[in-house]
Amino acid sequence: MTIVNRGLAVFVLILAMLLGAVAYEIGWLGGKPPETTQAPLPVGGPFTLTDQNGDTRSDSDFRGKLMLVYFGYTYCPDACPAALLAMSQALDQLGDKAGEVQPIFITIDPARDTIAQMKLYAANFHPSLLALTGSPEALVQAEKEYRVYAEKVPQKDSDDYLEDHSSMIYLMGRDGKLLTLFSPGASADSMAATIKTKL
């Protein structure tokens, strides 16, 4: 094979590989080119759960307010208390405007996070914090609405366990729709500054 023919063969091979990759991507996306794929799934949705005082609370209770929502559990060793503390400090920085924001903590661990446990835990944070628990089915549904990842992680040589989970804080609008997400480790200052722009 001459150098010219060999080069042509390599070119054809590379072209075939590229076309195959494009065809694969289009097939993976349901037969649509990437620029026409559907919009990302919505984040947030309805929930009906029980707060730390034993009262039934639904997302619709907070229409007209912003919601600051975090999913975690009371036995969490680090991420959850840090996130809830940052939320509390951000609300303190809002001053009188804090009344327009409802902070909500939703457990992913209903087996241990009873109403009584949630009441004790919530007392460590902002006084307006609602700590919500409920049946496993109701909590799993809320996790699905907010696209939350949660998985039990058994501990070696123990009946105890941790929960591996996503640790985003959701800022929901007065209409219950997502405004923005705060990543793990977001500071109270940045949270408060963002919330002020949404009030």
Item to check | Any pair with Cβ under 8 angstrom, 6 or more apart, that starts in region 65-83 at a residue that is at negative phi and ends at one that is assigned to a helix (DSSP H, G or I) and of a type in the set (Ser, Thr, Tyr) | outcome: 74/121
Checklist entry - Restricting attention to region 117-163, which residues are within 13 Å of the chain's Cα centre (by Cα) and in a strand (DSSP E or B)? => result 150
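If we keep just the residues of region 81-102 that are among the polar types (S, T, N, Q) and assigned to a helix (DSSP H, G or I), which is nearest to residue 151 (Cα to Cα)?
Within region 81-102, the match that is nearest to residue 151 (Cα to Cα) is 88.
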Checklist entry - Of the residues that make up region 64-80, is at least one open to solvent by 80 Å² or more (accessible area, probe 1.4 Å), in a helix (DSSP H, G or I) and of a type outside the set (Phe, Trp, Tyr)? => result no
Checklist entry - Could you say which residue among 110, 103, 136 is under 25 Å from residue 50 (Cβ atoms) and either open to solvent by 60 Å² or more (accessible area, probe 1.4 Å) or β-branched (Val, Ile, Thr) (or both)? => result 136
Next on the checklist: Could you check region 164-190 and list, in sequence order, the residues that are open to solvent by 60 Å² or more (accessible area, probe 1.4 Å) and either aliphatic (A, V, I, L, M) or assigned to a loop (DSSP other than H, G, I, E, B) (or both)?
Outcome noted: 174, 175, 177, 178, 179, 181, 183, 184, 185
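The values are calculated or read from the model by the stated rules, or taken from the named source; none is laboratory data. On a predicted model such as this, the values are computed, not experimentally measured, just so you know. Note: ideal-geometry Cβ built from the backbone for every residue, glycine included; neighbour counts use all protein chains shown. We work out accessible area using only protein heavy atoms, side chains counted, and drop any ligands, DNA or RNA first. Shrake-Rupley method; radii C 1.70, N 1.55, O 1.52, S 1.80 Å.
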